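S.K.: Submitted below is the structure of interest, expressed as structure tokens.
The values are calculated or read from the model by the stated rules, or taken from the named source; none is laboratory data. Because the structure is predicted, anything quoted here is derived from the model rather than measured. Reconstructed Cβ throughout: ideal geometry from the backbone, glycine too, with neighbour counts over all protein chains shown. Heavy atoms of the whole protein, side chains included, go into the accessibility calculation; ligands, DNA and RNA do not. Shrake-Rupley method; radii C 1.70, N 1.55, O 1.52, S 1.80 Å.
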Amino acid sequence: MVQLNYAHYSNFVSDHIWTAPIILMIVGAAVAIICFLGCCGALKESSCMILSFAILAVVIFLFEIGLGVAGYVKHTGLQQLMEGQFNSTMKHYKEREDYQDAWGLLQTELDCCGTYGFADWEVIFPNKTLPPSCCSVINLNVAKECTEIHANKQGCLQKLLGILDSKTLILASVVLAVAGIQLLTILFACCLYRSFRRSYDHV
């Protein structure tokens, strides 16, 4: 959902941030397969399948912890990374039509202007005009072009960063909840394995 809703902002964010949802989907599919193995093991009372399930579940659990640590490290440098992307797309704004479309969409949807404010556009628009998307509403009786007077005052970087931060928090909460359930499942599988082994020993 995150990737679908905000993929059109990819020019302003490194591609690495969009890989997290894809990795989580792959991990989810792997967990589903492993859980099926565990269910089969429980139904057949197979200690071998239960042990295999527990080992694979531990591997996935450790992988999720590693993914979480890597995500946290990447997130700490997200603002600096995004600032570089913002500056790069703004620098080549007049040369590339896709950057013009990206900025237009960003500034229109978030009601913002420039990286930190409309002053960022002075290098690109030296005649005091601004991209039309910087102005939410222009009274044509007062002005025919978007200028600093009518422009949105807030920059786009902090607004987009705020959106991504909120989605990251939700994503992290879901991952922690799933990891907690997995840990309980691993403990349950270990108990089940011991129970099956004892049954076999008595036989």
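S.K.: Of everything in region 158-177, what is open to solvent by 60 Å² or more (accessible area, probe 1.4 Å) and either of a type in the set (A, V, I, L, M) or in contact with a strand residue (DSSP E or B) (Cβ under 9 Å, 6 or more places away or on another chain) (or both)? Give them in sequence order.
M.R.: Residues satisfying the conditions are LEU169, ILE170, LEU171, VAL174, LEU176.
S.K.: Across region 90-137, what is the number of residues that are open to solvent by 20 Å² or more (accessible area, probe 1.4 Å) and in a loop (DSSP other than H, G, I, E, B)?
M.R.: 15
S.K.: Looking only at region 73-89, which residues are open to solvent by 30 Å² or more (accessible area, probe 1.4 Å), touching a residue at least 60 places away in the same chain (Cβ under 8 Å) and not hydrophobic (A, V, I, L, M, F, W, C)?
M.R.: HIS75, GLN79, GLU83, GLN85
S.K.: If you go through region 20-35 one residue at a time, do you hit one that is surrounded by fewer than 17 Cβ atoms within 10 Å (Cβ to Cβ) and under 17 Å from TYR193 (Cβ atoms)?
M.R.: So far as region 20-35 goes, yes, one or more of its residues are surrounded by fewer than 17 Cβ atoms within 10 Å (Cβ to Cβ) and under 17 Å from TYR193 (Cβ atoms).
S.K.: Further question on the same structure: Here are GLY155, GLY180: which of them is open to solvent by less than 40 Å² (accessible area, probe 1.4 Å), modelled with pLDDT of 80 or more and under 30 Å from GLY66 (Cβ atoms)?
M.R.: Matching residue, one of GLY155, GLY180: GLY180.
Here is a yes/no grid of residues against (1) closer than 28 Å to ILE26 by Cβ; (2) at pLDDT below 85; (3) of a type in the set (Phe, Trp, Tyr); (4) within 20 Å of the chain's Cα centre (by Cα):
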residue: LEU62; (1), (2), (3), (4): yes, no, no, no
residue: VAL69; (1), (2), (3), (4): yes, yes, no, yes
residue: LYS74; (1), (2), (3), (4): yes, yes, no, yes
residue: GLU95; (1), (2), (3), (4): no, no, no, no
residue: ASP98; (1), (2), (3), (4): no, no, no, no
residue: GLN107; (1), (2), (3), (4): no, no, no, no
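S.K.: Here's a follow-up. For the list (1) without any contact (Cβ under 8 Å) to a residue 24 or more places away in the chain; (2) surrounded by 13 or more Cβ atoms within 10 Å (Cβ to Cβ); (3) of a type outside the set (A, V, I, L, M), I need the number of the one condition that GLY66 fails.
M.R.: Only one criterion in (1) without any contact (Cβ under 8 Å) to a residue 24 or more places away in the chain; (2) surrounded by 13 or more Cβ atoms within 10 Å (Cβ to Cβ); (3) of a type outside the set (A, V, I, L, M) is unmet by GLY66, namely (2).
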